[in-house]
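The next block holds one structure in the form of structure tokens; read it before the comments.
The values are calculated or read from the model by the stated rules, or taken from the named source; none is laboratory data. Being a predicted model, the structure only gives us computed values, none of them experimental. Virtual Cβ from ideal backbone geometry, glycine too; neighbours counted across all protein chains shown. Protein only, heavy atoms only, side chains kept; ligands, DNA and RNA dropped before computing areas. Shrake-Rupley method; radii C 1.70, N 1.55, O 1.52, S 1.80 Å.
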Number of protein chains: 2
Amino acid sequence: MTRLQNRATGGRRRASHSMESVLTEAVALLDEAGAPALTFRALAQRLGGGVASIYWYVDSKEELLDRATDHVIGAVLADVERLPGSDDPIDDLRAMAVTLFDAIVDRPWLGAYFMRNTEAQSNSLRLYERLGQQTLRLDLTAHQRFHAVSAIVGVVVGSAVDMGQEPPAEILDGAVSREEFLGRFAQAWRELDPEEYPFVHEIVDEFDGHDDVDQFRSALELTLTGLRLQAGTRP
Amino acid sequence: MTRLQNRATGGRRRASHSMESVLTEAVALLDEAGAPALTFRALAQRLGGGVASIYWYVDSKEELLDRATDHVIGAVLADVERLPGSDDPIDDLRAMAVTLFDAIVDRPWLGAYFMRNTEAQSNSLRLYERLGQQTLRLDLTAHQRFHAVSAIVGVVVGSAVDMGQEPPAEILDGAVSREEFLGRFAQAWRELDPEEYPFVHEIVDEFDGHDDVDQFRSALELTLTGLRLQAGTRP
DNA sequence: GCGTCGTATCGAACGTTGTTCTATCGTAGC
DNA sequence: GCTACGATAGAACAACGTTCGATACGACGC
């Protein structure tokens with residue numbers, strides 16, 4: 001689609017984009033080096049065009065982020081809709097939440113922007129709807145249903161934000177592994193006064209080398225059993 | 001503490017700060033207009049000094065944010081330690097979580113930075129310890145205790161992030177109230193296809209004019225009942 | 001009194017960011 | 001061909017975090 005122009009002045013090309021390509025490359029940048037890597041200049045270079053051209057597709061960086069987020073949430077939504085489904089709505093809720101969480105594990109930057117603006121994020125709304133539909137199968141009031149879905153999304157986002165924060169550079173360039181980094185923290189904790197920090201000492205071994213997915217699963221399970229009790233259904 | 005100097009050249013003053021004053025003014029800026037308002041230039045102007053002076057107290061903006069966050073978490077910790085305490089550790093956990101959440105309601109910017117870096121945030125670690133101590137009174141494994149506290153913190157952060165995002169400017173300058181803004185969303189939702197969005201229609205009235213604190217309380221209650229069941233204690 | 005050292009301060013500059021301005025190209029319709 | 005419009009792009013702008021070098025101040029030795 002790109003064309004030659006102005007052969008006399010050296011044959012500079014004009015780039016020809018599309019909403020799709022802009023979003024795809026934006027997501028690629030986010031995937032490769034996280035949120036700070038997505039700048040208009042980096043994106044323009046990748047698209048082989050000028051900085052200002054991006055503003056034809058998008059009014060601001062906020063909108064770019066929203067659209068990029070919604071773009072990948074679309075894939076998550078497809079995964080969720082492809083889920084088999086069972087006779088237990090709570091099992092289905094768990095499967096959906098795990099699917100969403102897995103997507104955020106693959107793309108840590110998602111955590112910060114997911115569900116920020118349902119206006120420009122139509123796929124997020126659809127996902128929200130899908131989660132909510134499972135609560136329609138439970139014996140709850142509308143009030144309880146609303147809060148149940150909020151709670152589940154809250155658990156996902158809460159866990160995701162924990163992992164979403166940029167690792168401290170030393171870990172990004174591979175100078176130290178994640179295990180080393182956690183271990184360093186654990187060591188500092190072990191040197192605290194056991195009288196003053198009995199709990200920290202109790203769990204320091206659990207913290208050292210812990211798995212984020214386990215942590216999320218446990219948190220999710222607590223809310224789900226709470227929800228199950230509230231709905232009065234048998235496990 | 002400020003002194004006069006160089007009277008001959010017009011009597012320009014030299015400002016004299018302290019870690020305390022820097023942090024206090026930084027928090028004041030955050031409180032007044034949110035995270036984007038805290039810039040080194042704005043802070044310097046408020047302190048009546050130069051921009052570079054702040055770098056004597058702090059090595060980067062990240063450290064400034066960490067220290068400012070820990071500064072106010074110190075007050076939260078004091079509130080938590082002032083809590084009466086009961087014979088039910090889960091009741092105490094709830095009271096602590098609510099205290100923390102209330103602090104974030106007052107200072108929405110807290111949500112984004114709380115628990116980001118326990119290295120420079122000693123008060124956060126103390127708060128984490130205080131929460132964990134309650135789980136020591138429950139019949140749980142160390143593994144379960146670790147996950148329980150993570151879950152509770154996750155619920156707080158998850159709810160806080162929801163509210164922590166900057167309102168879209170129209171609401172900041174008072175052009176539209178929060179109720180109007182929510183109502184606009186609700187109206188858009190009501191116009192969706194009821195066949196395709198049954199859940200959204202079910203809860204749109206709950207969403208319209210909903211209270212963030214209620215939402216948080218419900219989510220917290222679900223995890224707490226889940227935890228209670230896990231510990232096998234009677235309510 | 002004078003020089004020196006460490007603490008503390010500040011103006012100016014640098015590089016990068018999001019955003020806007022203005023000018024341009026290429027194609028489709030007349 | 002001319003025009004209107006969709007699309008592109010370079011240059012400039014303001015604001016930001018950060019760094020540099022110079023400078024002031026109080027305390028100390030002498």
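Here are the numbers:
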item	result
Residue match in region B:163-181 (condition: within 9 Å of chain A (Cβ to nearest Cβ) and either in a helix (DSSP H, G or I) or surrounded by 20 or more Cβ atoms within 10 Å (Cβ to Cβ) (or both))	no
Residues within region B:122-148 that are touching a Ser or Thr at 6+ places or on another chain (Cβ under 6 Å) and either more than 8 Å from chain A (Cβ to nearest Cβ) or assigned to a loop (DSSP other than H, G, I, E, B) (or both), tallied	1
Meets criteria (open to solvent by less than 50 Å² (accessible area, probe 1.4 Å) and of a type in the set (A, V, I, L, M)) for A:Ala186	yes
Candidate set: region A:64-91, residues that are within 19 Å of the chain's Cα centre (by Cα) and acidic (Asp, Glu); chosen: the one farthest from A:Arg217 (Cα to Cα)	A:Asp66
Members of region A:201-235 found to be polar (S, T, N, Q) and within 9 Å of chain B (Cβ to nearest Cβ), listed by number	A:Gln215, A:Ser218, A:Thr223, A:Thr225, A:Gln230
Subset of region A:11-33 (residues that are modelled with pLDDT under 95 and within 12 Å of DNA strand C (Cβ to nearest atom))	A:Gly11, A:Arg12, A:Arg13, A:Arg14, A:Ala15, A:Ser16, A:Ala33
A:Ala75 being modelled with pLDDT of 95 or more and more than 16 Å from DNA strand D (Cβ to nearest atom)	yes
Any pair with Cβ under 6 angstrom, 6 or more apart, that starts in region B:137-154 at a residue that is crowded, with 19+ Cβ neighbours inside 10 Å and ends at one that is among the acidic types (Asp, Glu)	B:Phe146/A:Glu206
Some residue of region B:48-62 being touching a residue at least 12 places away in the same chain (Cβ under 8 Å) and more than 16 Å from DNA strand C (Cβ to nearest atom)	no
Long-range neighbours under 9 Å by Cβ, at least six apart or interchain, first residue of a type in the set (Gly, Ala, Ser) within region B:184-208, second in a helix (DSSP H, G or I) and open to solvent by less than 20 Å² (accessible area, probe 1.4 Å)	B:Ala186/B:Val204
